[in-house]
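Contents: one structure, followed by commentary.
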Amino acid sequence: MSLVTTPGALAPLNERPRLLTMDRVDKVFGGDVVALRGMHLDVNEGDFISLLGPSGCGKSTALRLIAGLMQPTAGRIDWEGGQHRGDLGVVFQEPTLMPWATVAQNVSLPFRLRGKSHSSVRDDVKEALDLVGLGKFANSYPRELSGGMKMRVSIARAMVTHPRLILMDEPFAALDEITRFKLNNDLLELKQKIGCTVIFVTHSVFESVFLSDRIVVMAARPGRVIREVQVDEPYPRDEDFRTSADYAAHCRAASDALHEAMGDAA
Ligand SMILES: Nc1ncnc2c1ncn2[C@@H]1O[C@H](COP(=O)(O)OP(=O)(O)OP(=O)(O)O)[C@@H](O)[C@H]1O
């Protein structure tokens, strides 16, 4: 099965089928650190959601809960129709590649963890690498790649199993600005091609507006959603959007919400 889906316009935001719901989720660490309190989030198929908020507001905790890496203290996370193996791909801030393995072997890891041989998934790996523009680097080692290329490998590894949902925790934060812009553009192109849903954690208002159609703004102590900013602008988005008055207006709205989250409403 190909990763690339038939291109088609996304349904309007409020008409997309539900993928999962975080329902009144609390997460308390060590009995007294309330990382999240009553977090509610509806995630719909095809959404590109950014979680935006100050340090410590629980963005990564929310992502880890959705990933099933830990359990909520209270509340529920429900996948519509149940969660199936391979529904989820995760990209962290660090590319977390195995240095002793080639790029192709790194990308095939999710399959190998399921007992499939590298040779049986060669075509899937090749397609994922072609999609992130690294088709020629299949036999290279991570040490031979730039930071941006390593992150592309990490993205290819996350999507090679055709997940319905990709979780990304500040994947581009450590990259220089030009590489970051380029990867933002490429990520949108990729998402359009494979038609998945993305939840993306970022500190950057500009990045969240460029990428997302929904920005979920969170506040800290306790971590909670305080506002949702919709960026109801068509995809594909390009440099014209990045320099448009509409983009500036959305950035202003997201920035105001972020100030509110930080307790200093503009
Ligand atoms: N494993 C843990 N044990 C104890 N406290 C934790 C743990 N993980 C997170 N926390 C606390 O929960 C709160 C939310 O942390 P989290 O990392 O989710 O925030 P964040 O919004 O992702 O922050 P940042 O933007 O700085 O990465 C913080 O107060 C943090 O110290």
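Observations
- Only one of the numbered conditions (1) within 11 Å of the ligand (Cβ to nearest atom); (2) closer than 24 Å to ASP232 by Cβ; (3) surrounded by fewer than 17 Cβ atoms within 10 Å (Cβ to Cβ) is not met by ALA11, and that is (1).
- Residues of the range 16-47 satisfying the condition of being more than 9 Å from the ligand (Cβ to nearest atom) and either in contact with a His (Cβ under 9 Å, 6 or more places away or on another chain) or at positive phi (or both): THR21, MET22, ASP23, ARG24, VAL25, GLY31, GLY38, GLY46
- Meeting the requirement of 1 or more residues that are within 22 Å of LEU109 (Cα to Cα) and modelled with pLDDT of 95 or more, the strands (runs of 3 or more DSSP E) wholly within the range 143-261 are 165-169, 197-202.
Let's see how each residue does on (1) within 16 Å of the ligand (Cβ to nearest atom); (2) within 27 Å of LEU145 (Cβ to Cβ):
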| residue | (1), (2) |
| --- | --- |
| ASN184 | no, yes |
| ILE194 | no, yes |
| PHE210 | no, yes |
| MET218 | yes, no |
| ARG221 | yes, no |
| ASP232 | no, no |
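- Answer residue from the range 11-54, given it is touching an Asp or Glu at 6+ places or on another chain (Cβ under 6 Å) and of a type in the set (D, E, K, R) and is nearest to LEU187 (Cα to Cα) among those: ARG16
The values are calculated or read from the model by the stated rules, or taken from the named source; none is laboratory data. For clarity, every value in this text was computed on a predicted model and none was experimentally measured. Every residue, glycine as well, gets a Cβ built from its backbone with ideal geometry; the counts of neighbours run over all protein chains shown.
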